[in-house]
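What follows is a single structure, written as structure tokens, with notes after it.
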2 protein chains.
Amino acid sequence: MKFVTLDDGSRDGRLHIASRDGQRVVPADGARTLLAALETWDDHLATWQAQYDRLNDGDAGAAPFALETALAPLPRAWQWLDGSAFETHALLLQKAWGQPQVGLSERPLMYQGMSDRFLPPQSVARFPSAADGIDFEGEFGVILRDVPMGTPASLAARAIRLIVLINDWSLRALGPVEMATGFGWLQCKPACSMAPFAVTPDELGAAWHDARVCLPLRIDVNGQPFGRANGGEMKFGFHELIAHAAYSRDLPAGTILGSGTVANASYEDVGSSCIAERQAIELIAHGASRSPFLNSGDRVEMRASTADGVELFGPIDQSVEISAST
Amino acid sequence: MKFVTLDDGSRDGRLHIASRDGQRVVPADGARTLLAALETWDDHLATWQAQYDRLNDGDAGAAPFALETALAPLPRAWQWLDGSAFETHALLLQKAWGQPQVGLSERPLMYQGMSDRFLPPQSVARFPSAADGIDFEGEFGVILRDVPMGTPASLAARAIRLIVLINDWSLRALGPVEMATGFGWLQCKPACSMAPFAVTPDELGAAWHDARVCLPLRIDVNGQPFGRANGGEMKFGFHELIAHAAYSRDLPAGTILGSGTVANASYEDVGSSCIAERQAIELIAHGASRSPFLNSGDRVEMRASTADGVELFGPIDQSVEISAST
């Protein structure tokens, strides 16, 4: 199934079901918002499945989907936890920064980010200053049902309700400053963006394997190809990230868990999912990085398609704007 | 005014107004939950003030307040940001850990914590293992209205709607491990607890000064006095913490901002607000720390009273329980 949230003037928007091809939508029965849907999932699942089936059969009562009316599928959530599960990404940045080449340890890396707002797929992305090193991070994420504290990885995959595509906007100049304190990132991590469609794992078919999204993440910057890295190379599957997150806390329904920047060992062929990693590759190859961070007017697009050409999550297509205040 | 949220079986509870002495309560008109109240504050403020005045005049229709029915005043919120604004706390831990005695820099320390659950004032506090170094952190916090990105400190104090008393439970053995990654705390910071009453700043009278809570935070452990440190010694006022948090993001109504562990330069007289700091003092004085972290059955109480004896926030009174799962 495919869920999309349309702007109705409220903070949480109005939940809709979308057809598999993303062309038509109907308001979801039984839950006004995706957050409410996640808290009452089993009560309404059969209803939504019937709505989805009718949409795919060409439901005459459905409205055409217009991307500009879409909010993030989950415009705000109670929790956003972002992992860093791609070893190639870690190794490249360690090498570029002159750190020991240790890659990822057996303990997943994860931080708690802001969850009160996920930007719509086509909204302008506003930042206070280009001097902060504006970067994107393309990643896949999962949205969970309630997960009790202490849930082991072996039982965690079944808690995954939906899969999403996320741009985790980052302000790179602030990153090292905040990391050095040990308190982690705050100013460095403004609101993320989400592609419009949140999909159930079965929509991925064989591309959902071992709790990993085995699809290329297609990133274009200012209309030029930037990255095509595959999400399947996570060192830890999402089930292992869930178990890590739930060690000392219950995870509420609607928790969003991110994979971290998608990266592949074949980066010379597939490119990168953020500018910082591309800079690292340039630094290693040429002794200096060439690619600049973003500035006003720069455009970032992200997409992922299945083998049969379905654009699964719809596009993120945003432009950067510098603005001292909103 | 004084707000309290009573358990009605829902995740957000039912908002009530409490009398100044905390003895009587009535359901708040116009908003079912504190989160909804914070999003519609100005529409209902006069109504709540009238309810509060009637309560203090001895409203015959009010119910007696029973602490065991209280949830946290804000049982879940969209954002919880915790500062570390007491220089004595920083200096003591730096000295104990053999780090440079730099205290706090001009840049506030702050991390993003879990906001999806704040424990009720009398609930059991469950943790997976006593080996993780179970500790409390007594602190004051503020709850905000919407704050736009880029709001300067000079305009930020007016965004403070309510003041609360928080126990920021911490798992100390996990702290250094998570700090070393630069990603900040996650497993180390399970759900916090809140005292039952959230109060408007005017309730503090002269004790609300320069956006600081100038009151002693009374902490007892297993019935013995542990700390009486005053919240007024923050290096940064809450207005400065708000401006720091809002540098690259809007803060949503309901954001909770914490002071960090309350600590005073006169710690030999007033004690500490967490065990880790007391251990640091012992280490400095005697070459070894003596005070153990908490274990099953240990009891932690926190309170703060005004000069005229009003117990402003009501008590936190919790016991620790070790439980591999909830």
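A compact table of results
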read-out	value
Per-region count, the range B:199-228, residues out of contact with any strand residue (DSSP E or B) (no Cβ under 9 Å at 6 or more places or on another chain) and under 24 Å from residue B:136 (Cα atoms)	1
Single residue of the range A:19-52 satisfying the filter (in contact (Cβ under 8 Å) with a residue 60 or more places away in the chain and either under 14 Å from residue A:62 (Cβ atoms) or among the small types (Gly, Ala, Ser) (or both)) that is surrounded by the most Cβ atoms within 10 Å (Cβ to Cβ)	A:22
Check on residue A:94, modelled with pLDDT under 95, assigned to a loop (DSSP other than H, G, I, E, B) and among the polar types (S, T, N, Q)	no
So residue A:150, is it touching an Asp or Glu at 6+ places or on another chain (Cβ under 7 Å), at the interface with another protein chain (Cβ under 8 Å from one of its Cβ atoms) and either modelled with pLDDT of 95 or more or more than 23 Å from residue A:277 (Cβ to Cβ) (or both)	no
Residue satisfying all of: in the range B:32-71; aliphatic (A, V, I, L, M) and within 14 Å of another protein chain (Cβ to nearest Cβ); farthest from the chain's Cα centre (by Cα) among these	B:36
Residues satisfying the stated conditions in the range A:64-74, i.e. part of a loop (DSSP other than H, G, I, E, B) and surrounded by fewer than 12 Cβ atoms within 10 Å (Cβ to Cβ)	A:66
Conditions (1) within 30 Å of residue A:298 (Cα to Cα); (2) surrounded by fewer than 24 Cβ atoms within 10 Å (Cβ to Cβ); (3) in contact with a strand residue (DSSP E or B) (Cβ under 8 Å, 6 or more places away or on another chain); number of the one not met by residue A:231	(2)
Hits in the range B:240-257 - residues which are within 23 Å of residue A:171 (Cβ to Cβ), within 17 Å of the chain's Cα centre (by Cα) and more than 10 Å from chain A (Cβ to nearest Cβ)	B:241, B:242, B:257
All positions within the range A:6-18 that are touching a residue at least 24 places away in the same chain (Cβ under 8 Å) and surrounded by fewer than 21 Cβ atoms within 10 Å (Cβ to Cβ)	A:6, A:7, A:11, A:12
Sole exception among (1) of a type outside the set (Val, Ile, Thr); (2) within 14 Å of chain B (Cβ to nearest Cβ); (3) within 15 Å of the chain's Cα centre (by Cα) for residue A:303, by number	(2)
Among the residues listed as A:265, A:276, the single one being surrounded by fewer than 17 Cβ atoms within 10 Å (Cβ to Cβ) and closer than 30 Å to residue A:98 by Cβ	A:265
Residue match in the range A:176-193 (condition: touching a residue at least 60 places away in the same chain (Cβ under 8 Å) and more than 12 Å from chain B (Cβ to nearest Cβ))	yes
Residue, farthest from the chain's Cα centre (by Cα), within the range B:160-175, restricted to residues that are closer than 20 Å to residue B:112 by Cβ and within 14 Å of chain A (Cβ to nearest Cβ)	B:174
Filter pass, residue A:107 being more than 27 Å from residue A:35 (Cα to Cα) and basic (Lys, Arg)	yes
The one condition in (1) part of a loop (DSSP other than H, G, I, E, B); (2) on the phi < 0 side of the Ramachandran plot; (3) of a type outside the set (A, V, I, L, M); (4) touching a residue at least 40 places away in the same chain (Cβ under 8 Å) that residue B:61 fails to fulfil	(4)
Count - residues of the range A:89-116 that are buried (at least 21 other Cβ atoms within 10 Å of the Cβ) and under 13 Å from residue A:281 (Cα atoms)	3
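The values are calculated or read from the model by the stated rules, or taken from the named source; none is laboratory data. What you see is a predicted model; the values in this text were computed from it and never measured. FYI the Cβ positions are ideal-geometry reconstructions off the backbone, even for glycines, and counts take in every protein chain you see.
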